[in-house]
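Asks: Okay, handing you the structure first.
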Amino acid sequence: MPELPEVENARQVVEKALNRVIVDIDDTDTFECRPHRPGEIAHALKGGMLTEANRRGKAMWCETVTADGTPGPTIGIHLGMGGRIIVTAPDGEQTSRYGGGDPHVGERDTDKPEWTRFAMTFDDGGGLRLFDKRRLGRVRLEPDIDALGPDAAEITRDDFRRRIGSSGAPLKARLLDQAAIAGIGNLLADEVLWQSELSPSRRAKTLTTDELDQLRVVLRRAIRSAIKKGGVHTGEIIPYRKTDATCPRCDSPMSRGTVGGRTTWWCSREQA
């Protein structure tokens with residue numbers, strides 16, 4: 001599932017589609033566009049424009065205006081496990097794309113129309129489409145984001161201390177709780193805990209103020225790096241999350257277990 005850095009990169013691609021008049025929408029995939037009926041999203045958005053691309057954590061949505069310039073409904077776009085956003089210029093040339101990193105999808109595969117689950121066409125001849133081989137993405141009007149906590153890339157120091165440090169849950173489980181802090185997934189959690197030399201199973205409320213502050217610094221740095229490099233898979237510890245691997249810092253064996261219901265890897269010595 002895409003984590004904050006992947007969704008932020010996708011959001012930046014969607015920005016290429018802003019302020020372009022929507023003349024057609026293909027929303028006939030009833031699974032990807034559930035619970036809407038075919039034509040419902042098209043009816044709500046045709047003639048209008050996307051005006052702003054927003055993100056909180058892993059959630060991405062666009063503000064819109066209608067044909068007469070009044071505020072329209074928001075539209076949420078979720079990549080699923082391997083969805084890709086593709087935006088084309090007026091001449092039809094691909095201007096930007098972002099993919100969720102599905103290793104089973106090659107560059108040539110994106111030409112297959114049967115894997116385009118949702119598409120917008122603009123009056124300039126360009127468009128936006130959600131290409132999703134696995135059909136795990138989602139497009140819907142008025143997505144609910146109120147249940148999400150503050151964005152992991154923007155959370156304040158005091159809020160981070162309160163939301164993370166007050167919990168009796170294992171530290172990794174608390175970081176994965178999207179109601180507490182939005183945007184951290186399994187790989188990013190393992191990365192920041194390894195960089196911070198903290199045990200994923202340690203109770204969050206046992207961290208000192210200094211440890212919480214340092215964890216937030218490491219988290220923000222890891223997010224910036226992943227956005228720049230193209231995703232959380234570029235993290236330092238990610239290639240070592242496998243059997244018989246050793247920690248690249250101290251050469252101790254990597255340990256594997258389950259924390260917060262997720263497969264977790266950590267250094268057997270530094271994160272004991």
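Asks: Looking at the stretch 129-245, what helices (runs of 4 or more DSSP H) fall wholly within it and have at least 1 residues that are β-branched (Val, Ile, Thr) and at pLDDT 95 or above?
Replies: 157-165, 186-196, 209-229
Asks: Taking the stretch 34-61, which residues are over 27 Å from Asn186 (Cβ atoms) and in contact with a strand residue (DSSP E or B) (Cβ under 7 Å, 6 or more places away or on another chain)?
Replies: His36, Ile41, Ala42, Ala44, Leu45, Lys46, Gly47, Gly48, Met49, Leu50, Thr51, Glu52
Asks: Counting only residues that are of a type in the set (Ser, Thr, Tyr) and at pLDDT 90 or above, which one in the stretch 77-121 is surrounded by the most Cβ atoms within 10 Å (Cβ to Cβ)?
Replies: Among those residues, the one meeting the criterion is Thr88.
Okay, residues lined up against (1) in contact (Cβ under 8 Å) with a residue 40 or more places away in the chain; (2) on the phi > 0 side of the Ramachandran plot; (3) touching a Gly at 6+ places or on another chain (Cβ under 6 Å):
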residue: Ala169; (1), (2), (3): yes, no, no
residue: Ala173; (1), (2), (3): yes, no, yes
residue: Gly185; (1), (2), (3): yes, no, no
residue: Asp213; (1), (2), (3): yes, no, no
residue: Pro248; (1), (2), (3): no, no, no
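Asks: For residues in the stretch 254-272 being assigned to a strand (DSSP E or B) and touching a helix residue (DSSP H, G or I) at 6+ places or on another chain (Cβ under 9 Å), which is surrounded by the fewest Cβ atoms within 10 Å (Cβ to Cβ)?
Replies: The residue in question is Thr263.
Asks: Here's another thing I want to ask about it. Which members of the stretch 26-44 meet the condition of being more than 14 Å from Arg138 (Cβ to Cβ) and in contact (Cβ under 8 Å) with a residue 60 or more places away in the chain?
Replies: Asp26, Glu40, Ala44
Asks: Now, a different point. Restricting attention to the stretch 108-128, report how many residues are assigned to a loop (DSSP other than H, G, I, E, B) and in contact with a Phe, Trp or Tyr (Cβ under 7 Å, 6 or more places away or on another chain).
Replies: Here the count works out to 0.
Asks: Here's something else I'd like to know. Any idea which of Val259, Val192 is among the aliphatic types (A, V, I, L, M), in contact (Cβ under 8 Å) with a residue 12 or more places away in the chain, in contact with a strand residue (DSSP E or B) (Cβ under 6 Å, 6 or more places away or on another chain) and under 22 Å from Met1 (Cβ atoms)?
Replies: Val259
Here's the yes/no breakdown for (1) surrounded by 18 or more Cβ atoms within 10 Å (Cβ to Cβ); (2) among the hydrophobic types (A, V, I, L, M, F, W, C):
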site: Val192; (1), (2): yes, yes
site: Glu197; (1), (2): no, no
site: Pro200; (1), (2): yes, no
site: Lys205; (1), (2): no, no
site: Gln214; (1), (2): no, no
site: Ala222; (1), (2): yes, yes
site: Ser225; (1), (2): no, no
site: Lys228; (1), (2): no, no
site: His233; (1), (2): no, no
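The values are calculated or read from the model by the stated rules, or taken from the named source; none is laboratory data. Treat the numbers as computed from the prediction; the structure is a model and nothing was measured. Glycine also receives a Cβ, built like all others from the backbone with ideal geometry; neighbour counts cover every protein chain displayed.
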